[in-house]
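Take a look at the structure set out below.
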Amino acid sequence: VDANTLFSIASVSKNITAAALGILVDEGKINWDDKIIQHIPWFQFKDPWVTKEVTIKDALTHQIGLGRILGNRLQFMTKSNRDQLLYQVRYMDFEKPFRSDFVYNNVMYSLAGQIIEYSDGRSWDQFLQEKLFIPLEMNRTTTTLSALELQDNKAWPHQEIDGKITPI
């Protein structure tokens, strides 16, 4: 690792996604209290009432109640695109009742990011490049593991699997 090593965006994506959505709020394209299905009409949770009620703000605050582990496995252990991943949410069980408690879930940030594509027309990746990274002169920033994989000087994510630290 040196001063030029690239790392995965990881959970920094949460702050950046919220900032990008804030830009769209400022532009009048969305509101924090918009229902998700206003922007992604086909999206569903297992519970139809939650599907109708969940807002962009809910997706950003980990208040939906979906379990963490299944969501992480769906997101990081698949080659599915974002819409395919989000389609699978309709089969996920809730760990806690809706808006009752904090339950960390990365997939809800993928959902929040897709609001950008559905309301602005640009993908999350494009929007971040054009609205945040380029103006901030963050010229080597990537948003996906597949883009990171193409870089020369990179740190790769690892996880302990069966007692051994393994690149994932």
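The values are calculated or read from the model by the stated rules, or taken from the named source; none is laboratory data. What you see is a predicted model; the values in this text were computed from it and never measured. With ideal geometry, Cβ positions are generated from the backbone for all residues, glycine too; neighbour counts draw on all protein chains shown. Just the protein is used for accessible areas: all its heavy atoms, side chains included, with ligands, DNA and RNA removed. Shrake-Rupley method; radii C 1.70, N 1.55, O 1.52, S 1.80 Å.
Yes or no, residue by residue, for (1) without any contact (Cβ under 8 Å) to a residue 60 or more places away in the chain; (2) of a type outside the set (D, E, K, R):
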position: MET92; (1), (2): yes, yes
position: SER100; (1), (2): yes, yes
position: LEU111; (1), (2): no, yes
position: LYS154; (1), (2): no, no
position: PRO167; (1), (2): yes, yes
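Any chance region 84-97 includes a residue that's touching a Phe, Trp or Tyr at 6+ places or on another chain (Cβ under 8 Å), at pLDDT 95 or above and among the aliphatic types (A, V, I, L, M)?
No, region 84-97 contains no residue that is touching a Phe, Trp or Tyr at 6+ places or on another chain (Cβ under 8 Å), at pLDDT 95 or above and among the aliphatic types (A, V, I, L, M).
Could you please find all residues in region 42-60 being without any contact (Cβ under 8 Å) to a residue 40 or more places away in the chain and in contact with an Asp or Glu (Cβ under 7 Å, 6 or more places away or on another chain)?
Selection gives THR55, LYS57.
What residue, among those in region 129-156 that are among the aliphatic types (A, V, I, L, M) and not in a loop (DSSP other than H, G, I, E, B), is surrounded by the fewest Cβ atoms within 10 Å (Cβ to Cβ)?
Per the criteria, the residue is ALA147.
For region 12-41, which positions are polar (S, T, N, Q) and free of Cβ contacts under 8 Å to residues at least 24 places away in the same chain?
ASN15, GLN38
Identify the single condition in (1) free of Cβ contacts under 8 Å to residues at least 40 places away in the same chain; (2) outside any strand (DSSP E or B); (3) more than 29 Å from GLY28 (Cβ to Cβ) that GLN159 does not satisfy, given that it satisfies every other one.
The number of the failed condition is (2).
List the helices (runs of 4 or more DSSP H) inside region 15-83, counting only whole elements, that have at least 2 residues being modelled with pLDDT of 95 or more.
Hits in region 15-83: 36-39, 48-53, 56-60.
Would you mind telling me which numbered condition in (1) under 16 Å from LYS46 (Cα atoms); (2) open to solvent by 40 Å² or more (accessible area, probe 1.4 Å) ARG90 fails?
(2)
Quick one: would you say GLN126 is open to solvent by 90 Å² or more (accessible area, probe 1.4 Å) and free of Cβ contacts under 8 Å to residues at least 40 places away in the same chain?
Against the criterion (open to solvent by 90 Å² or more (accessible area, probe 1.4 Å) and free of Cβ contacts under 8 Å to residues at least 40 places away in the same chain), GLN126 does not qualify.
Listed here are the residues, each with its yes/no results for (1) more than 14 Å from the chain's Cα centre (by Cα); (2) farther than 30 Å from GLY28 by Cβ; (3) polar (S, T, N, Q).
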site: ASP93; (1), (2), (3): yes, yes, no
site: PRO97; (1), (2), (3): yes, yes, no
site: TYR104; (1), (2), (3): no, yes, no
site: VAL107; (1), (2), (3): no, no, no
site: PHE127; (1), (2), (3): no, no, no
site: MET138; (1), (2), (3): yes, no, no
site: THR143; (1), (2), (3): no, no, yes
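Only one of these is open to solvent by 70 Å² or more (accessible area, probe 1.4 Å) and touching a His at 6+ places or on another chain (Cβ under 8 Å): ILE161, ILE168. Name it.
Details: ILE161 fails: touching a His at 6+ places or on another chain (Cβ under 8 Å).
It is ILE168.
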